[in-house]
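I have placed the structure first, in the form of structure tokens, so that the comments after it can refer back to it.
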Amino acid sequence: MTRVRWLPALGAALCLAAAADPADRLPNPADEARARAIFQETRCLVCQGQSIDDSDADLAGDLRKLIRAQVKAGRSDSAIRAFLVSRFGEFVLLRPPVSAETALLWGGPFAVALIGLCVLLFRRPRPVEAIALTEEEETKIAGLAESPLI
């Protein structure tokens, strides 16, 4: 039973070990942690749905090397992000900042939800009018009710 307890920890350690080539890692653990945090906020331009930390694409590897070089050079996190945005555009950030250009991106879902809520709340149900049947229709209905089922 004790083997089962350490199995998830071993799996997590192997996943972390496979996440980056040890030769590429920065010697200072604090700098490596900073670089990894930036990796997780940077979009892989090939995969587009993953961060460069999760991607195996060659371009993601090049971006990781670029970010590590910038961290090693002593640049701040915001300066590195600004460099990436100037080179690749705001699309490179997984969480783009709120600005005039991204207002629709950030506000669009809330606007659609608000419009949908207003439609649901202020929609007027149409009154159902009772339609009187003619005597002929009443007779047909009464005949159907009395007839045996086939």
- Taking only segment 92-127 into account, find how many residues are in a loop (DSSP other than H, G, I, E, B) and surrounded by 10 or more Cβ atoms within 10 Å (Cβ to Cβ). 7
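Quick check on this structure: which one of PRO22, PRO96, PRO27 is in contact with a Leu (Cβ under 8 Å, 6 or more places away or on another chain) and either at pLDDT below 85 or among the β-branched types (Val, Ile, Thr) (or both)?
Working: PRO22 fails: in contact with a Leu (Cβ under 8 Å, 6 or more places away or on another chain); PRO27 fails: in contact with a Leu (Cβ under 8 Å, 6 or more places away or on another chain).
When all the criteria are applied, what remains is PRO96.
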- Message: When the residues of segment 27-82 are narrowed to those that are part of a helix (DSSP H, G or I), touching a Lys or Arg at 6+ places or on another chain (Cβ under 8 Å) and hydrophobic (A, V, I, L, M, F, W, C), which ends up nearest to PRO97 (Cα to Cα)?
- Response: ILE38
- Taking PHE88 as the residue in question, decide whether it is of a type outside the set (Val, Ile, Thr), modelled with pLDDT of 85 or more and more than 30 Å from LEU63 (Cα to Cα). no
- Message: Taking the condition of being among the charged types (D, E, K, R) and more than 13 Å from ARG36 (Cα to Cα), how many residues in segment 52-71 meet it?
- Response: 3
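The values are calculated or read from the model by the stated rules, or taken from the named source; none is laboratory data. Quantities reported herein were computed from a predicted structural model and do not represent experimental measurements. Because the Cβ atoms are built from the backbone with ideal geometry, glycine has one as well, and the counts that use them run over all protein chains shown.
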